[in-house]
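The values are calculated or read from the model by the stated rules, or taken from the named source; none is laboratory data. Please read these numbers as outputs of a predicted model, since none were measured by experiment. Reconstructed Cβ throughout: ideal geometry from the backbone, glycine too, with neighbour counts over all protein chains shown. To get the accessible areas, we keep the full protein, side chains included, count just its heavy atoms, and leave off ligands, DNA and RNA. Shrake-Rupley method; radii C 1.70, N 1.55, O 1.52, S 1.80 Å.
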Amino acid sequence: MRRALTILTGNPLTLTGLVLVALVVLAAALADVLAPFPVHRGAVVDFVNFNKPPSSDYWMGTDLVGRDLFSRILYAYRISLILCAVVLAIAVPVGVVLGVMAGYLGGWWEYGLMRVTDVFLSIPPLVLAMSIMGVLSPTLVNGMMAVTAMWWPWYTRLVYNITRGEKAEGYVLAAEVIGATRAHIMFREILPNCVPAIVTKMTLDAGFVILIVSSLSFLGLGVQPPTPDLGSMVAEGAKYLPDSWWLSVFPGLAILIAVFGFNLIGDGLRDILGAHR
Amino acid sequence: MSLLEVRNLTLSFRLWSGIVDVLHGIALSIAKGERVALVGESGSGKSVTARIVLGLLQDLPGAQIGGEVRFNGRDLASLSRHEREALRGRDISMIFQDPTSSLNPVYKIAPQFREVLARRTPRITLAEARERATALLQEVAITEPARVLDSYPFQLSGGMNQRVMIAMALANRPALLLADEPGTALDVTVQAQTLDLMARLVADHGTSVLFISHNLGVVREFADRTYVIYRGRIVEAGPTQAVFEAPGHAYTRALMAAQPRLTGGALPDIVERDPRFFDPVVLHGVPGC
Amino acid sequence: MLSVQGLSKIYVTGRHNVAALTDVTLTVQTGECLAVVGESGSGKSTLANLVLGLTPPTAGTMMLDATPLPARRTIDHRRAIQLVQQNPLSALNPRRSVGASLRLALDVHGIGNPATRPAKVSALLADVGLTPDYAARAPSALSGGQRQRVAIARALACDPRLIVLDEPTSALDVLVQAQVLRLLHDLRLNRGLTYLFISHDLAVVRAIATRVAVFRHGRIVEAGATDALFTSPQDPYTRSLIAAVPVITEQEKAMRDRLGASS
């Protein structure tokens, strides 16, 4: 534990990542308190103050219908983090369980599961998400389903590869000789050894999920107005560059901070957890 | 003058948790043509000593090396990194414990030989290298050198790979050969043949050998002089016969007693940590020159 | 107690078949230590896999206490035959504590009730010379010798009839090896355990085995009581094996030379 903290705080890059992510999480959690105009996250119109550059009243300016950009960004962080959490909370367990089973059970289990995984992995993620939402309607829930559907195979492949390696280790043989059930071996013996890689990947993925959701919103799928989303905000504002630069730049920076922060932490975590053999 | 002279060698590593002292003043010497063994268990520091002689640890960040290591009269610490690298593969070479994993699995044997020979003759062509390699392989009693040269390491047996490695190590006629537990990964009959072969070759070429092992029997059969190392300190040194027949130090005696005998006998009761293991060094006769 | 008759195992790989074991017949008496000696490719590891029920034989039968051992083992069969492996680092799950690894056998076979199992774990650790506080430690915090002791304790946990030891001391230093061999010897005598001891190290075999079977290319070339086999080996292969062992005393050298000269 002490060693973990030393590594996390000792490396300046990892420390930066920690700080950035902490800021994002705090912003999302305390949006109600921090936002100067909390109601602006909804359908509010203020044509007196629309399209105003950053000032002392509106720290990041206002958008085209007069809503405070800073407040909307804080709430957008909340949406992004919730989406992230939900997507990973579903995709990771599904992917991991399938990966361990494919890796340990072998035979038809391995063949069937990995071929299905291959199919999902071979479709470009954004295309898959767009197709799913084209068939269903472009709502937030469908957006989340689409992103989840394309996320689990990466965990399956990761855990499958680790499991195949661990299968050759002595402790697996020992458990088999003792007579442990296959379920015990898969989930109580092998799976704990996959955890470092899974956790590292999850932190790196957090940034990517935010990016993909933003991309979907940018395309008009995913999060629908008036709910604030960083990607939609960038999209709307892009049309008005470079005059109303604040409309795109601030949301864009917000995405950058979140993704960058998660990536930096992910690297640090890999150093802590990775060296175990 | 000795070929290799090590005096008061110390080594420490700087880690997260602090400084770890690994070697506490090692002294050993090897004359030309001599076969010297360094015997110890794992963690004794025998492998890092070899790596220091090869010049591999000097550039590692966090490694602090003190004392003197003189090869052919020149202190390794006074050489530049480039000069140390020049010695490796030409005047000092090394063979390792597991022959198959020490050879590059994605290249056949012939190009690996060429790489080795290029250390002495940088512009050597593949054809010339093959010719010299064939002669070298015949020296190590390989009857089908052409087949071996066109094989990948995983296609050859462990014993074959060990002989290939010996041939490569001696290809540039080094003055000093370091051997780190050679034969440990091999069957006992193959190990015996390999060690006989090595003994013959080094005698023919006048190569000195620093032989690192934890296997007392192998050391007894191969080495002229023996150093026993325990936790970074030399505890006993002298001609092999003297050390084995009349071990003076508590640790050496414990090692001898712990070794099961082919002639049978009861299982001894061994104490793993004994304060007497830290007794001062026992020297037999006049060490080195 | 364990008897195998005409045991054979052929591995089919791609183009050719490998006959790992051919027509092996031997018995292990209760309370003895039968050593299986051979070089690589001799089939000794295959024999271990067959006895442990990890792979089915191609031909032949195995009997434990006069009841046949099927290819698919039941949980009681598993309990009866346990294993100590060569590599103690790999044999313990790095993500589970020593105590958890020891408890596994107790939990799987329902030994005692859950409340008493921690006490049994402490007792097992004491049997192999380790203190109870080792139960909370991770395997990476232990030395090689300590890990192997834990592996031995684990093999004892479910009171097996037979323990298969596959090169249990080959990965250990000389002093540690001596301690572990002594521990194994004492445990066998004090508790009437039965060992099938696989090794390539003839000196170790001489020290610990009551009977020896010498394997070569999947067949038994010679078998007999340890002292008899070492003092007057009949088969030339056995003699060549003994002659190749590097030794440290003059008496051993004399013995080797005597045997080598007559082969």
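Determine whether A:VAL116 is β-branched (Val, Ile, Thr), surrounded by fewer than 16 Cβ atoms within 10 Å (Cβ to Cβ), within 26 Å of A:ALA85 (Cβ to Cβ) and away from chain C (no Cβ under 14 Å).
Values: β-branched (Val, Ile, Thr): yes; surrounded by fewer than 16 Cβ atoms within 10 Å (Cβ to Cβ): yes; within 26 Å of A:ALA85 (Cβ to Cβ): yes; away from chain C (no Cβ under 14 Å): yes.
Yes; evaluated as a whole, the condition is true for this residue.
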Restricting segment C:1-23 to residues that are among the charged types (D, E, K, R) and part of a strand (DSSP E or B), which is least open to solvent (accessible area, probe 1.4 Å)? C:LYS9
Unmet requirement for C:VAL212, which otherwise passes all of (1) touching a residue at least 24 places away in the same chain (Cβ under 8 Å); (2) outside any strand (DSSP E or B); (3) in contact with a Lys or Arg (Cβ under 9 Å, 6 or more places away or on another chain): (2)
Residues that are out of contact with any helix residue (DSSP H, G or I) (no Cβ under 8 Å at 6 or more places or on another chain) and either assigned to a loop (DSSP other than H, G, I, E, B) or of a type in the set (Ser, Thr, Tyr) (or both), drawn from segment B:55-78: B:LEU56, B:LEU60, B:PRO61, B:GLY62, B:ASN72, B:GLY73, B:SER78
Only residues in segment B:61-76 that are closer than 17 Å to B:LYS32 by Cα and touching a residue at least 40 places away in the same chain (Cβ under 8 Å) count as the first member; pair them with residues that are surrounded by 17 or more Cβ atoms within 10 Å (Cβ to Cβ) and charged (D, E, K, R), Cβ under 7 angstrom, at least 6 apart or cross-chain, and list the lot. B:ARG70/B:GLU5
Filter result for the condition that a residue is closer than 20 Å to C:ILE163 by Cα, small (Gly, Ala, Ser) and in contact (Cβ under 8 Å) with a residue 12 or more places away in the chain, over C:SER240, C:SER199: C:SER199
In segment B:125-145, anything over 22 Å from B:VAL190 (Cβ atoms) and either touching a Ser or Thr at 6+ places or on another chain (Cβ under 7 Å) or open to solvent by less than 10 Å² (accessible area, probe 1.4 Å) (or both) is listed as B:ALA129
Can you report the number of residues in segment C:124-147 which are polar (S, T, N, Q) and within 14 Å of chain B (Cβ to nearest Cβ)? 2
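One residue is enough: does segment A:159-182 have a residue meeting the conditions among the hydroxyl-bearing types (Ser, Thr, Tyr), within 12 Å of another protein chain (Cβ to nearest Cβ), open to solvent by 20 Å² or more (accessible area, probe 1.4 Å) and not in a helix (DSSP H, G or I)?
Scanning segment A:159-182 turns up at least one residue that is among the hydroxyl-bearing types (Ser, Thr, Tyr), within 12 Å of another protein chain (Cβ to nearest Cβ), open to solvent by 20 Å² or more (accessible area, probe 1.4 Å) and not in a helix (DSSP H, G or I).
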Considering each residue of segment C:117-153, count those that are in contact (Cβ under 8 Å) with a residue 60 or more places away in the chain and more than 14 Å from the chain's Cα centre (by Cα), and give that number. 2
Would you be able to say whether some residue in segment C:91-112 is within 11 Å of another protein chain (Cβ to nearest Cβ), surrounded by 21 or more Cβ atoms within 10 Å (Cβ to Cβ) and touching an Asp or Glu at 6+ places or on another chain (Cβ under 7 Å)? yes
Has segment C:51-63 got at least one residue that is under 14 Å from the mean Cα position of the chain (by Cα), within 14 Å of another protein chain (Cβ to nearest Cβ) and touching a residue at least 60 places away in the same chain (Cβ under 8 Å)? yes
Considering every residue within segment A:35-46, establish whether at least one is closer than 25 Å to A:VAL65 by Cβ, modelled with pLDDT under 80, open to solvent by 90 Å² or more (accessible area, probe 1.4 Å) and of a type in the set (D, E, K, R). yes
Scanning segment A:241-266 for residues that are aromatic (Phe, Trp, Tyr), assigned to a helix (DSSP H, G or I) and farther than 12 Å from A:THR16 by Cβ, the one least open to solvent (accessible area, probe 1.4 Å) turns out to be A:TRP246
Name the residue, out of C:THR249, C:THR231, that is within 14 Å of chain B (Cβ to nearest Cβ), open to solvent by 50 Å² or more (accessible area, probe 1.4 Å) and not aromatic (Phe, Trp, Tyr). C:THR231
All but one of (1) crowded, with 21+ Cβ neighbours inside 10 Å; (2) within 13 Å of chain B (Cβ to nearest Cβ); (3) not charged (D, E, K, R) hold for C:VAL150, so report the exception by its number. (2)
Working only within segment B:1-17, note down all residues that are assigned to a loop (DSSP other than H, G, I, E, B) and more than 14 Å from every other protein chain (Cβ to nearest Cβ). B:MET1, B:SER2, B:LEU3
Can you name every residue in segment C:64-97 that is under 18 Å from C:SER143 (Cα atoms) and under 21 Å from the mean Cα position of the chain (by Cα)? C:VAL84, C:GLN85, C:GLN86, C:ASN87, C:PRO88, C:LEU89, C:SER90, C:ALA91, C:LEU92, C:ASN93
Pick from segment B:92-109, criterion part of a helix (DSSP H, G or I) and open to solvent by 10 Å² or more (accessible area, probe 1.4 Å), ranking: nearest to B:GLY206 (Cα to Cα): B:SER102
Conditions (1) buried (at least 20 other Cβ atoms within 10 Å of the Cβ); (2) facing chain B (nearest Cβ under 9 Å) -> C:ALA157 fails only (2)
Restricted to segment B:43-63 and to residues being exposed (fewer than 14 other Cβ atoms within 10 Å of the Cβ) and not aliphatic (A, V, I, L, M), the residue farthest from the other protein chains (Cβ to nearest Cβ) is B:ASP59
Could we say that C:GLN82 is in a strand (DSSP E or B) and either surrounded by 18 or more Cβ atoms within 10 Å (Cβ to Cβ) or acidic (Asp, Glu) (or both) here? yes
Only one residue in A:THR156, A:THR148, A:THR139 is modelled with pLDDT under 90 and open to solvent by less than 50 Å² (accessible area, probe 1.4 Å), so which one is that? A:THR148
